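Written out below as C-alpha cells is the structure these notes cover.
The values are calculated or read from the model by the stated rules, or taken from the named source; none is laboratory data. Just so it is clear, the model here is predicted, and its values are computed rather than measured. Note: ideal-geometry Cβ built from the backbone for every residue, glycine included; neighbour counts use all protein chains shown.
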Amino acid sequence: MAPNVRVIHHPLVQQKLTYLRDKHTHHREFRKLLSEITALMLFEITEDLPTVEIEIETPLEKTRSTILASHVVLVPVLRAGLGMLDGALDLIPNAKVGHIGLYRDEKTLEPVEYYAKFPSTLDQSVVILLDPMLATGGSSSAAVSILKKHRASQVKCLSLVSAPEGVKKMYQDHPDVPIYTASVDRQLNERGYIVPGLGDAGDRLYGTK
Ligand code: PRP
Ligand code: URA
C-alpha cells in the first residue's frame with residue numbers, strides 16, 4: 001500500500017459502501033448513502049485537526065474547553081463531489097466551501113477544468129477535497145494543483161473508491177497530500193472505470209446516463 005493512502009475500515013463505512021456499489025441502489029438512496037458515508041469518513045479523518053482552548057461558562061461555573069483551531073474549507077469537485085458536500089457540512093457546519101469544476105474527457109481521460117472559486121482564507125485553512133472517485137487520478141491531481149496555485153498548503157483528499165493507478169499518480173504528483181478512502185479496488189478497466197467500483201458516480205447520483 002502506498003504511504004499516502006489510508007483506508008477507512010470502519011464497519012459502518014464498509015456497509016454503506018456495499019449498498020453504494022450495488023447496482024440495484026437507485027439515485028435517491030444513493031444520494032442519501034453518499035452523504036452519510038461522507039460524514040462517517042470525515043469524522044475519522046479530522047481526528048488530527050488542531051484545537052484551541054477557550055473559556056466558557058456552563059450553567060454551573062466557568063471552565064475551559066476546546067474548539068477547532070483551524071478554518072476548514074471543503075472543496076467538492078463538480079459534479080459528483082457535490083453529493084458529498086451536505087454530509088460534510090452536517091459535521092462541520094462552520095466550514096467554508098470552494099468549488100472546482102472538472103470533467104474527464106471521455107476519449108483521452110484527461111481532466112478538463114471549467115470552474116474554480118475559493119474562499120480567501122484558503123492559505124490558512126485545512127482544505128478537504130471531496131471527490132467520490134479516484135480513478136486515473138487525473139482529476140484529483142489537477143484539483144490539488146489548482147488548490148496549490150491558490151496557495152492552499154494543507155490539503156487532504158477524501159475519495160470513496162480509489163484505483164491503485166490513481167493512488168500512485170497522486171503519490172507521484174502530490175506526495176504531501178494524504179488520501180482517505182473506503183477502498184482501493186482492483187484496477188481500472190479499458191474505459192478508465194474502477195472495477196469492481198460503483199459505476200459512474202455522477203450518473204448514479206443524479207439519475208443521468
Ligand atoms: C468522475 C469523478 C472524478 C473523476 C475521476 O467525474 O467524479 O472527478 O471522474 O476520474 P479520474 O481519476 O480518472 O480523473 P466525471 O469526469 O465523470 O465528471 P462528473 O462528476 O461531472 O460526472
Ligand atoms: N468516474 C466515475 O464516476 N467512476 C469511475 O469508475 C471512474 C471515474
Practice problem: Would you point out the residue of region 81-121, among those that are crowded, with 16+ Cβ neighbours inside 10 Å and among the basic types (Lys, Arg), that is nearest to the chain's Cα centre (by Cα)? | Solution: 96
Self-check item: Of all residues making up region 104-118, the number that are of a type in the set (Lys, Arg) and farther than 17 Å from residue 169 by Cα
Solution: 2
Quiz prompt | Check on residue 17, touching a strand residue (DSSP E or B) at 6+ places or on another chain (Cβ under 7 Å), surrounded by 11 or more Cβ atoms within 10 Å (Cβ to Cβ) and part of a helix (DSSP H, G or I) | solution = yes
Quiz item: Which residue pairs have Cβ atoms under 6 Å apart, sit 6 or more places apart or on different chains, and have a first residue in region 193-209 that is assigned to a helix (DSSP H, G or I) and modelled with pLDDT of 95 or more and a second that is basic (Lys, Arg) and surrounded by fewer than 20 Cβ atoms within 10 Å (Cβ to Cβ)?
Solution: 202/79; 203/209; 205/31
Practice problem: Answer yes or no as to whether residue 73 is touching a helix residue (DSSP H, G or I) at 6+ places or on another chain (Cβ under 9 Å) and either of a type outside the set (Gly, Ala, Ser) or surrounded by fewer than 17 Cβ atoms within 10 Å (Cβ to Cβ) (or both). | Solution: yes
Quiz item: In region 67-102, which residues are within 18 Å of residue 138 (Cα to Cα) and either away from ligand 2 (no atom under 16 Å from the Cβ) or in contact with an Asp or Glu (Cβ under 9 Å, 6 or more places away or on another chain) (or both)?
Solution: 75, 76, 77, 80, 81, 99, 100, 101, 102
Quiz prompt | Residues (near ligand 1 (Cβ under 10 Å from one of its atoms) and among the aliphatic types (A, V, I, L, M)) located in region 177-209 | solution = 188, 194, 201, 205
Quiz prompt | Hits in region 144-170 - residues which are more than 12 Å from the chain's Cα centre (by Cα), in a helix (DSSP H, G or I) and among the aliphatic types (A, V, I, L, M) | solution = 146, 147, 167, 170
Quiz item: For region 143-154, what are the residues that are surrounded by fewer than 20 Cβ atoms within 10 Å (Cβ to Cβ) and small (Gly, Ala, Ser)?
Solution: 145, 153
Quiz item: Could we say that residue 140 is within 16 Å of ligand 2 (Cβ to nearest atom), among the polar types (S, T, N, Q) and surrounded by 21 or more Cβ atoms within 10 Å (Cβ to Cβ) here?
Solution: yes
Quiz item: Does residue 86 meet the test of being under 17 Å from residue 171 (Cα atoms), in contact (Cβ under 8 Å) with a residue 40 or more places away in the chain and acidic (Asp, Glu)?
Solution: no
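For every residue, the table says whether it meets (1) surrounded by 23 or more Cβ atoms within 10 Å (Cβ to Cβ); (2) at positive phi; (3) within 14 Å of ligand 2 (Cβ to nearest atom); (4) acidic (Asp, Glu).
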| position | (1), (2), (3), (4) |
| --- | --- |
| 130 | yes, no, yes, no |
| 133 | yes, no, yes, no |
| 156 | no, no, no, no |
| 175 | no, no, no, no |
| 179 | yes, no, no, no |
| 188 | no, no, yes, no |
| 193 | no, no, yes, no |
| 201 | yes, no, yes, no |
